[in-house]
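Just below is one structure, and these are the notes that go with it.
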Amino acid sequence: MGIVMFFIATEKDIKRGKITDIYFERTLKILKKKGLNKAVSAEVRTKGLSAGWEWGIFAGLEECLELLKGLPINVRAVAEGTIFKPFEPVLEITGPYSSFCALETSLLGLLCQASGIATRAGRMRILAGNRTLLSFGSRRMHPAITPMIDRSAYIGGFDGVSVVKSAEMLGIEPSGTMPHSLVLLCGDTVKASEAFDEAVGKKVPRTVLIDTFQDEKFEALRVAEAMGKKLSAVRLDTPGSRRGDFLQILKEVRWELDLRGFTWVKLFVSGGITEDDIPVLNEVVDGYGIGTSLSNSPVIDFALDIVEIEGKPIAKRGKESGRKNLLECIRCNQRKVVPIGMNQARCRCGKKMSNLLTTAIKGGSIILKKRTPQEIRAMVLKGLIKQGGDNESNA
């Protein structure tokens, strides 16, 4: 065995079913010995959501399809970015159980974490309205999954991400400001802002960190006076031990800037910002950098359960048997889970309902049209308006 550089699984390990719970390997051994290679249908859904959430955003489908392609199966799924509720099936696999048994652990991991991050991002988007939201949480998680975290945040409604590789994969420019280390090494906030302005491309907004050495109010004024119209925003990342009444600090900064005519300078905040903080700070804040509370979002507890064997409905206790459709009314958006034969069901309002579960893999080949992260994000933002978000994002 070679030297382990990083404790991560390779794509080959995941595709080969090495990232699996041992009871799946044992099950496969037993089924092979007994000749029980039966065709099944299994569906993914959750019985409940974390932290009292009423809805979630379905994410991770693209990786999931990559995991399952090439197998002798068919897959139906709701579109990535679909807003779902408990007990609604979001994905279905039909085919020989032995062909995908060992992949269940990885499949659920791909969906559970990505959907949890996307859901929190969507909740924060509703709370923040049209204020800027940037994903700053990469340093709190294993670097190998950073692109997944940032992608989930972006399609969930965030405006940008700070990590270079993530932005490259999303097809956007990375977003960020400056670290405390730059200010410390320059020895002064104004000197750091001037050095930034000299070295960084003109298209990058000049957002200056103002909490390194002195009171934020006075540092904001010094920077504004030195940079003038070049200054886009000031960032407050005030440590908790100095924060006190953070809203009042922000109000003071806003007041002093406006009083002296620096009305165009925006206020950007970061440092332990949570869902609870956003409604409080919205009064004066123009943008948020969200770290740990985003990257460490609660996962969605999806489960994969057999609902049909050899064409006959069967399921464990607590689970409805049989393949299902997830219908939605095109007029009033009401939803209904029905047996798969009831495609033509009508809503209480009288309008015909459409099935949200569509074929994604047929005979092992991915047939679902691939969408860009921007297209998925646009779908999510539209759906969030129905959940209580009256404002669209600014990107």
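The values are calculated or read from the model by the stated rules, or taken from the named source; none is laboratory data. The shown structure was predicted, so the numbers you read here are calculated from the model rather than taken from an experiment. Quick reminder, even Gly has a Cβ in these numbers, built from the backbone with ideal geometry, and neighbours come from all protein chains shown.
In segment 99-107 there is at least one residue that is of a type in the set (Asp, Glu), surrounded by fewer than 24 Cβ atoms within 10 Å (Cβ to Cβ) and in contact with a Phe, Trp or Tyr (Cβ under 7 Å, 6 or more places away or on another chain). Gly157 meets the conditions (1) on the phi > 0 side of the Ramachandran plot; (2) over 27 Å from the mean Cα position of the chain (by Cα); (3) assigned to a loop (DSSP other than H, G, I, E, B) in every case but one. The failed one is (2). So, Ser166, is that one crowded, with 16+ Cβ neighbours inside 10 Å and polar (S, T, N, Q) or not? Answer is yes for this residue. Scanning segment 50-63 for residues that are part of a loop (DSSP other than H, G, I, E, B) and either crowded, with 20+ Cβ neighbours inside 10 Å or among the acidic types (Asp, Glu) (or both) gives Glu54, Phe58, Ala59, Gly60.
Report yes if Gly171 is surrounded by fewer than 21 Cβ atoms within 10 Å (Cβ to Cβ) and in contact (Cβ under 8 Å) with a residue 24 or more places away in the chain, otherwise no. Against the criterion (surrounded by fewer than 21 Cβ atoms within 10 Å (Cβ to Cβ) and in contact (Cβ under 8 Å) with a residue 24 or more places away in the chain), Gly171 qualifies. Of the residues Leu61, Leu49, the single one that is in the same structural domain as Val90 (by TED's automatic domain parsing), at pLDDT below 95, closer than 20 Å to Gly109 by Cβ and under 23 Å from the mean Cα position of the chain (by Cα) is Leu49. Of Val269, Val265, all but one fail to be more than 29 Å from the chain's Cα centre (by Cα), under 19 Å from Asn282 (Cα atoms) and surrounded by 18 or more Cβ atoms within 10 Å (Cβ to Cβ); the exception is Val265. Checking the stated criteria, Val234 turns out to be in contact with a helix residue (DSSP H, G or I) (Cβ under 7 Å, 6 or more places away or on another chain) and crowded, with 16+ Cβ neighbours inside 10 Å. Screening Val223, Val190, Val204 for residues that are farther than 25 Å from Phe246 by Cα, among the β-branched types (Val, Ile, Thr), over 18 Å from the mean Cα position of the chain (by Cα) and in the same structural domain as Phe262 (by TED's automatic domain parsing) leaves exactly one candidate, Val204. Among the residues of segment 174-212, those that are loosely packed, with under 14 Cβ neighbours inside 10 Å, of a type outside the set (Val, Ile, Thr) and in a loop (DSSP other than H, G, I, E, B) comprise Pro179, Gly187, Gly201, Lys202, Lys203.
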